[in-house]
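The values are calculated or read from the model by the stated rules, or taken from the named source; none is laboratory data. Remember, it's a predicted structure, so these values are computed and weren't measured experimentally. For neighbour counting, all protein chains shown are included, and Cβ atoms are generated from backbone atoms with ideal geometry for every residue, glycine included.
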Amino acid sequence: MAAVSGDARLTDLEDIIACPQCDTLHVARIPALGQRAICRRCGYVLIAPRRGAYLRTIALALTVTILMIGATFFPFLDVRVAGMSNASSLFDTALAFVDGGIMTALSVAVAALIVLIPVLRSLLVLYVVAPLAIDRAPLPQAAAAFRLSENLRPWSMAEIFVIGCAVALVKVGDLARVGYGPAFWMFAALVVVILLQESLISRWMIWRDLDPKNRPA
Amino acid sequence: MTAPIRTARESGLVACTRCARVWPMGTAECARCGSALQSRDTRSLQRVWAWLIVGFMCYIPANLFPMLKTRVLFTETDATIVGGAVELIHHGALGIALVILVASVGIPIGKFVAIAYLALTISRPAALSSHRRHKLYELVEFIGRWSMIDVFVVAILSALVQLSVVASINPGPAAITFALSVIFTMLAAQSFDPRMIWDSGSERAR
């Protein structure tokens with residue numbers, strides 16, 4: 001990205017982009033599709049436009065929502081030992097800590113981290129991006145919705161949960177026989193979709209398109 | 001690439017850390033995304049230390065108390081985080097034991113040290129360059145969430161292995177303190193304003 005040199009160029013602040021990580025100023029120039037504009041001091045990705053990003057984001061967000069509903073209530077894993085068996089869904093996993101005491105808080109947290117927050121983020125992204133994709137004005141409170149979605153990003157832990165599954169399966173492997181339910185595969189697919197969705201979103205592009213100034217009424 | 005680096009602060013501007021828009025110094029709220037604007041988050045370090053200390057306090061009981069209570073027929077065994085990993089090594093599952101040890105011991109301790117180092121070197125001369133310290137910060141931000149893995153393992157096992165008298169697995173008290181420790185250190189990393197890393201670097205260069 002080009003450096004900001006003279007004071008004359010600072011008159012139009014809309015063309016200036018400051019790296020959120022190191023405060024370096026750049027002149028905002030949107031790179032070609034598929035290219036990335038990075039901060040020249042710290043390498044942070046500033047702008048990364050993708051072809052058809054909004055439509056694809058919508059498709060993926062819908063996929064996440066539908067898969068998550070399925071993955072939550074279908075049997076996730078089942079275990080058999082000595083003629084006894086127990087099937088558990090993702091919902092049961094989240095409720096594993098419910099004992100009426102302080103552990104219940106942990107259940108709520110686990111449910112939020114692996115199910116509620118990923119779904120909520122998908123819905124928020126749908127709400128924000130859908131009008132932009134069809135060139136309409138953003139819906140009311142779209143900026144607040146996108147802010148919330150961004151704040152929740154580190155707390156969406158579906159992909160960590162999948163690695164947790166792998167570890168749990170090995171641990172339980174010599175105690176009992178474990179079978180995979182349909183929800184297990186749904187959840188595995190879900191993680192791939194969430195990661196794809198993350199790589200599509202260029203935050204700066206969305207913020208620019210949400211800006212009321214850029215939308216002649 | 002030869003043009004000198006100019007920061008928003010040096011140009012009398014304040015940058016929005018969320019949407020990267022710049023405004024004249026003194027603007028209180030970003031009109032594009034609605035975030036509160038601050039040229040440098042001056043109380044950032046206080047919050048970092050507070051969260052870090054609470055996180056560390058939660059990490060101690062997380063290692064002392066059992067994480068998992070396994071009951072097979074009539075024998076009940078409690079396993080701490082490290083104890084569980086040692087058990088896995090005895091079973092020959094070296095790879096999985098390594099994952100647990102890295103995620104539950106290596107990453108948390110590394111994170112305490114790294115965040116403390118970053119916070120200390122804001123006001124003191126640092127052995128590492130700003131670039132190195134910024135890489136360290138990115139690593140801490142990226143990797144911190146992965147410590148949650150052990151909590152999820154406990155949740156899966158406790159939900160799955162409930163076979164009345166034959167075998168059952170239940171969570172121990174360490175599960176909750178460990179989860180809290182991970183959450184608090186994530187908050188510590190998020191409170192840190194990485195722009196200060198670069199400020200201290202450029203001040204010494206002059």
Could you grab me the full set of residues in region A:34-81 that are of a type in the set (Gly, Ala, Ser), under 13 Å from A:Ile201 (Cα atoms) and assigned to a loop (DSSP other than H, G, I, E, B)?
A:Gly34, A:Ala48, A:Gly52
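Every residue, every condition in (1) without any contact (Cβ under 8 Å) to a residue 12 or more places away in the chain; (2) of a type in the set (Ser, Thr, Tyr), yes or no:
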site	(1), (2)
A:Ile66	yes, no
A:Pro75	no, no
A:Val79	no, no
A:Ser85	yes, yes
A:Ser89	no, yes
A:Ala96	no, no
A:Ile102	yes, no
Somewhere in region A:83-91, is a residue facing another protein chain (nearest Cβ under 7 Å), within 19 Å of the chain's Cα centre (by Cα) and small (Gly, Ala, Ser)?
no
Criterion violated by B:Ala97 - all others in (1) at pLDDT 90 or above; (2) touching a His at 6+ places or on another chain (Cβ under 9 Å) satisfied:
(1)
List the pairs whose first member sits in region A:34-49 and is within 15 Å of B:Arg18 (Cα to Cα), whose second member is of a type in the set (Lys, Arg) and part of a loop (DSSP other than H, G, I, E, B), and whose Cβ atoms are under 6 Å apart, counting only residues at least 6 apart or on separate chains?
A:Val45/A:Arg36
Is region B:109-117 home to any residue that is within 23 Å of the chain's Cα centre (by Cα) and outside the structural domain of B:Pro171 (by TED's automatic domain parsing)?
no
Could you look through region B:1-20, keep only residues that are among the hydroxyl-bearing types (Ser, Thr, Tyr) and part of a loop (DSSP other than H, G, I, E, B), and pick out the one that is nearest to the other protein chains (Cβ to nearest Cβ)?
B:Thr17
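Just name the residue that is farthest from B:Ile197 (Cα to Cα) out of those in region B:41-75 that are part of a helix (DSSP H, G or I) and of a type in the set (S, T, N, Q).
The extreme case among them is B:Asn63.
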Please identify the pairs in which a residue from region A:170-184 that is within 12 Å of A:Ala71 (Cβ to Cβ) has its Cβ atom under 8 Å from the Cβ atom of a residue that is in a loop (DSSP other than H, G, I, E, B), counting only partners at least 6 apart or on another chain.
A:Gly181/A:Phe74; A:Pro182/A:Phe74; A:Ala183/A:Phe74
Of the residues A:Gly83, A:Gly70, which is in the same structural domain as A:Val192 (by TED's automatic domain parsing), closer than 15 Å to A:Gly179 by Cα and surrounded by fewer than 22 Cβ atoms within 10 Å (Cβ to Cβ)?
A:Gly83
Taking B:Ile89 and the conditions (1) of a type in the set (Val, Ile, Thr); (2) crowded, with 18+ Cβ neighbours inside 10 Å; (3) within 14 Å of chain A (Cβ to nearest Cβ), which numbered condition does it fall short on, given that it satisfies the others?
(2)
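Yes or no, residue by residue, for (1) under 16 Å from A:Cys165 (Cβ atoms); (2) in contact with a helix residue (DSSP H, G or I) (Cβ under 7 Å, 6 or more places away or on another chain); (3) among the hydroxyl-bearing types (Ser, Thr, Tyr); (4) modelled with pLDDT under 80:
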| residue | (1), (2), (3), (4) |
| --- | --- |
| A:Ile102 | no, yes, no, yes |
| A:Ser107 | no, yes, yes, no |
| A:Leu124 | no, yes, no, no |
| A:Leu139 | no, yes, no, no |
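Could you tell me which residue of region A:166-187 is nearest to B:Ile89 (Cα to Cα), considering only residues that are surrounded by 17 or more Cβ atoms within 10 Å (Cβ to Cβ) and modelled with pLDDT of 85 or more?
A:Phe184
Residues in region B:9-17: is at least one basic (Lys, Arg), in the same structural domain as B:Arg132 (by TED's automatic domain parsing) and surrounded by fewer than 21 Cβ atoms within 10 Å (Cβ to Cβ)?
no
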Considering only region A:115-196, give the helices (runs of 4 or more DSSP H) lying wholly within it that have at least 2 residues that are under 30 Å from B:Ala85 (Cβ atoms) and in the same structural domain as A:Leu62 (by TED's automatic domain parsing).
A:117-133, A:158-173
For B:Val113, only one of the following conditions fails: (1) over 19 Å from B:Pro61 (Cβ atoms); (2) β-branched (Val, Ile, Thr); (3) more than 8 Å from every other protein chain (Cβ to nearest Cβ); (4) in contact (Cβ under 8 Å) with a residue 12 or more places away in the chain. What is its number?
(4)
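Consider region B:68-106. How many of its residues are basic (Lys, Arg) and more than 29 Å from the chain's Cα centre (by Cα)?
1
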